[in-house]
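First the structure, in the form of structure tokens, and then the observations on it.
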Amino acid sequence: MTGFMSRPTGNQSILEDLRSRLSLNVSRDAETLIASMPEEQQNAILTMAKEANRAMLFSRISAAQAITRLYPNADIDKRKVILALLNAEEDRPDFAAQDAAMDRAYAQWERLKPLEELLAETPSFRSTRSRTNSQTDALISRPQCPTPTYTSNDKNDDASSFMAALTTSESGGRADAEYTTRDGRRHVGLLQFSDARLQDYRNATGETFTQDQFIQDAELQARVSQWHIASIDPAIDALGEAAAGLDRDGLRAVAHLGGEAGMRRFVRTNGGYNPSDELGTSLSDYYARFSSGAS
């Protein structure tokens, strides 16, 4: 007999053989795993670790949570290597704390009056409910975000996916995300704007606000984000033939990371000008990550 149920050699039972093989599969350490990967896959794992580290810094989440959020389909070997690179471990649920919280919630529930008694004590319930329904209808009918004023690679159906991907990379999707560089400059919001870039917007529109006000205003963040991406396009167009054949979304991402001047220099040097930010992300990283068809 051959295959999965072939009998082991010597005096080892089938059960012992399976246990041994299971142990071999689960005990491979990160060093062994990364050594068995081709160089291309090692580079991909390194890029994934950088993005997970970026999400941790901006969103204040654990390494395991960052990997789950960014790479929900990553297999167990990739997770193990990324966690090792970040010097982190899988999250361990505190079941005792969860059980205690549930016990407290149930105890509070038991002390509540029945709903019928609460309604009987509130004669204005009917009018209050009517007013609440009116307020809810007004909130639902209110526009949630402005219509995009730019297109991604000149295709409307791609615009939202590009902005969503850039937002995830910059802040993990958190409007209140904030990061301070080593030289003291604050970067805030969904797209991590510096005060210098917000000043560009204030100069262009005449609006006035602070970074603290900006981080608390979701509608303002949406307006500035749309203006920011749309304002990059003239700089790309001005490059003319130098940018011919280059991906527009990729260049937008390069300009977002390195500024419009940095994007122009990146193009004119054929990628030779390729600085990295203090988190280790380079201009070429962002060009590759956000170009159409990038995986």
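The values are calculated or read from the model by the stated rules, or taken from the named source; none is laboratory data. Here the structure is a predicted model, which is why all the values come from computation and not from measurement. Because the Cβ atoms are built from the backbone with ideal geometry, glycine has one as well, and the counts that use them run over all protein chains shown.
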### Message
Cβ-Cβ distance below 6 Å, separation of 6 or more or different chains: which pairs start in region 243-254 with a residue that is on the phi > 0 side of the Ramachandran plot and end on one that is surrounded by 21 or more Cβ atoms within 10 Å (Cβ to Cβ) and outside any loop (DSSP other than H, G, I, E, B)?
### Response
none
### Message
Looking only at region 99-125, filter to residues that are modelled with pLDDT under 75 and assigned to a helix (DSSP H, G or I); which one of those is farthest from MET56 (Cα to Cα)?
### Response
ALA120
### Query
Among the residues of region 227-285 satisfying the criterion of being touching a helix residue (DSSP H, G or I) at 6+ places or on another chain (Cβ under 6 Å) and among the acidic types (Asp, Glu), which is surrounded by the fewest Cβ atoms within 10 Å (Cβ to Cβ)?
GLU260
### Query
Taking only pairs six or more apart or across chains, which ones have beta-carbon atoms under 9 Å, a first residue in region 34-57 that is free of Cβ contacts under 8 Å to residues at least 60 places away in the same chain, and a second residue that is surrounded by 19 or more Cβ atoms within 10 Å (Cβ to Cβ) and not in a helix (DSSP H, G or I)?
MET56/GLY172
### Query
So, of the residues in region 186-208 that are exposed (fewer than 15 other Cβ atoms within 10 Å of the Cβ) and among the hydrophobic types (A, V, I, L, M, F, W, C), which turns out to be farthest from SER169 (Cα to Cα)?
ALA204
### Message
I need the full set of residues from region 172-213 which are in contact with a strand residue (DSSP E or B) (Cβ under 9 Å, 6 or more places away or on another chain) and over 27 Å from LYS50 (Cα atoms), in order please.
### Response
TYR201, ASP212
### Query
Looking at region 245-259, which of its residues are hydrophobic (A, V, I, L, M, F, W, C) and over 14 Å from ASP285 (Cα atoms)?
LEU246
### Query
If we keep just the residues of region 41-93 that are under 12 Å from the mean Cα position of the chain (by Cα) and of a type in the set (Gly, Ala, Ser), which is surrounded by the fewest Cβ atoms within 10 Å (Cβ to Cβ)?
SER59
### Query
Going through region 227-260 one residue at a time, which ones are part of a helix (DSSP H, G or I), over 26 Å from the mean Cα position of the chain (by Cα) and farther than 18 Å from SER292 by Cβ?
PRO234, ALA235, GLY240, GLU241, ALA242
